[in-house]
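Enquirer: First the structure, then my questions, so here it is.
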Amino acid sequence: MAKAQDMNAVMKDIMGAFPVDTKSMEDAFKSHAALNEKLSGVALSAAEKSAEISSVWAKTTLAKMSDMAKAKADPADYAKAMTDFASANAEVAAENMAAFAEVAKKVQMETVELMMAAGKDMQEDASKAVKKATDDLTAAAKKAGVK
């Protein structure tokens, strides 16, 4: 009668023939963590600038509203004050929307730069990992006597 093979021993032998390099996994984790830190920095900087723009916009609008809210001697002056407020508010809105667009453009440029650099780094890391794996497998094959 044939003796049954111990599958645990077979799997252990197979896994032992293919060494796993945990350093490359650690390096990949560190690279991803660094990229996430940089991307978070870009996002937080954009949020800060956006908050500043919003704050200035609100203060400007409130200042112009206080001018509009002052008592007037002639009823026609109320219409003029509202027209002046609407005109000034439209101008301020255009300026602030342009400022928001600049923030968005900067975020886009910085993100693209980070992603391009990360892609280059990942390509280099992958190339090194493949070379190391090939060298390790070649060494393991030679050790096992495979040609």
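The values are calculated or read from the model by the stated rules, or taken from the named source; none is laboratory data. Only a predicted model underlies this, so the values are computations on that prediction, with no experimental measurement involved. Because the Cβ atoms are built from the backbone with ideal geometry, glycine has one as well, and the counts that use them run over all protein chains shown. Surface accessibility is based on the protein's heavy atoms, side chains included, excluding ligands, DNA and RNA. Shrake-Rupley method; radii C 1.70, N 1.55, O 1.52, S 1.80 Å.
Enquirer: About its Cα centre, what dipole magnitude does the stretch 22-92 give when the only charges are +1 on Lys and Arg Cβ and -1 on Asp and Glu Cβ, stated in debye to the nearest 20?
Expert: That gives a dipole near 60 debye.
Enquirer: Can you give me the distance in nm between label points at S40 and K105, each placed 7 Å from the Cα along the Cα-to-Cβ direction?
Expert: 3.0
Enquirer: Also, quick follow-up: Please give the calculated 222 nm ellipticity per residue for the chain, where each DSSP H segment of at least 4 residues contributes -39500 (n - 2.57) and the sum is spread over every residue; nearest 500 deg cm²/dmol?
Expert: -32500 deg cm²/dmol
Enquirer: Report, to the nearest 10°, how far helix 75-144 tilts away from the longest principal axis of the Cα atoms in the chain, using its own Cα long axis and a range of 0 to 90°.
Expert: The answer is roughly 10 degrees.
Enquirer: Lys/Arg Cβ at +1, Asp/Glu Cβ at -1, dipole of the chain taken about the Cα centre: which of A90, Q123, T134 is farthest positive-ward?
Expert: Going by the charge dipole, the pick is T134.
Enquirer: Taking N as the number of residues in the stretch 1-81, what value does Rg over Cα atoms divided by 2.2 N^0.38 Å take?
Expert: The value comes to 2.97.
Enquirer: Evaluate the distance, in nm, between pseudo-label points positioned 7 Å from the Cα of E26 and of A94 along their respective Cα→Cβ axes.
Expert: It works out to 5.9 nm between the two label points.
Enquirer: Return the carbon/sulfur percentage of the accessible area of the chain, one whole number, probe 1.4 Å, all protein chains in place.
Expert: Summing carbon and sulfur atoms, their accessible area is 65 percent of the total for the chain.
Enquirer: Additional query: In debye, nearest 20: dipole of the chain around its Cα centre with unit charges on the Cβ of K, R (+) and D, E (-)?
Expert: Dipole size: approximately 680 debye.
Enquirer: While we're looking at this one, here's another question. May I ask you to list the lysines whose Cα is less than 16 Å away from that of K142, ignoring any residue fewer than eight positions away on the same chain?
Expert: Hits, sequence-local ones excluded: K132.
Enquirer: Quick one: accessible area per residue over the stretch 18-57, 1.4 Å probe, rounded to a whole number of Å²?
Expert: Heavy-atom SASA per residue in the stretch 18-57 reads 73 Å².
Enquirer: For the stretch 25-147, what ratio Rg/Rh do Cα atoms give with a Kirkwood hydrodynamic radius?
Expert: 1.47
Enquirer: If I take R0 = 30 Å and measure r between the Cβ atoms of M82 and E52 in this structure, what FRET efficiency does the formula 1/(1 + (r/R0)^6) give, to the nearest 0.05?
Expert: 0.60
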